[in-house]
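Report on the structure given below.
Where a number appears in this text, it was derived from the coordinates with a stated rule and is not lab data. Every value quoted in this text rests on a predicted model; they were computed, and no experiment measured them. We place every Cβ from the backbone using ideal geometry, glycine too, and count neighbours over all the protein chains shown.
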Amino acid sequence: MLKTGTTQIKKIVFIQFAASLMAGFVTWLIYPSLAISVLTGSLIASLTNVYFAWKVFSRQKEAKSSEILVTYYGAEVGKIILTVMLFVTAFSVIKPLNVVAMMGAYLIITLIPVIASFVFNDDEITNRRDKNVE
């Protein structure tokens with residue numbers, strides 16, 4: 001049985017939203033015409049990751065590994081469908097849209113959980129490994 005905590009997930013989701021808003025604001029200051037594209041791409045990445053985290057970690061009970069795997073696959077499929085729907089909506093509604101800025105912001109915000117997992121990693125194995133390296 002595995003019980004998951006959500007403290008790290010909440011930090012990562014908060015960082016993604018903060019980075020999305022900050023990217024949109026900084027882009028608005030420098031290149032106002034690109035700001036909506038950057039904000040759209042970064043918010044698509046943030047919203048889809050919030051959906052995934054909500055589906056996977058909404059239940060705070062112990063679960064078998066097979067149940068966790070089914071939940072992860074279902075959440076990932078839902079995330080992909082939501083991502084496609086949001087991009088289709090962005091392409092059809094937002095005019096003018098800078099595709100390069102939107103996709104670049106999407107990719108950068110998508111990488112935040114990977115980077116944050118290294119920063120916030122307080123895993124016992126990692127701590128033990130770091131002590132052995134010194």
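Report the local net charge at Asn49: Lys and Arg +1, Asp and Glu -1, summed over other residues whose C-beta lies under 13 Å from its C-beta. Residues near Asn49 contribute +3 overall. Going from the fewest other Cβ atoms within 10 Å to the most, the residues Thr40, Thr6 appear in the order Thr6, Thr40.
Each residue of segment 77-88 was assigned a 3J(HN,Hα) from its phi angle through the Karplus curve 6.51 cos²θ - 1.76 cosθ + 1.60 (θ = phi - 60°); the sequence is 5, x, 5, 5, 4, 4, 4, 4, 4, 5, 5, 4 Hz, with glycine and proline shown as x.
Close amide H pairs (under 5 Å, H built 1.01 Å from N) link Ala63 with Leu2, residues at least 5 positions away or on another chain. Within segment 7-133, the proportion of Cα pairs with more than 21 Å between them is 50 percent. Simple point charges give the picture: +1 on the Cβ of Lys and Arg, -1 on the Cβ of Asp and Glu, and for segment 7-133 a dipole about the Cα centre of about 140 debye. Applying a threshold of 23 Å to the alpha-carbon distances of Lys10/Lys55; Lys55/Lys95; Lys10/Lys95 flags Lys55/Lys95; Lys10/Lys95 as lying beyond it. Judged by the mean number of other Cβ atoms found within 10 Å, the most tightly packed of the peptides 26-37, 62-73, 43-54 leads the ranking 43-54, 26-37, 62-73. Modelled spin-label separation between Val50 and Ile115, with each label point placed 7 Å from Cα along the Cα-to-Cβ direction: 2.1 nm.
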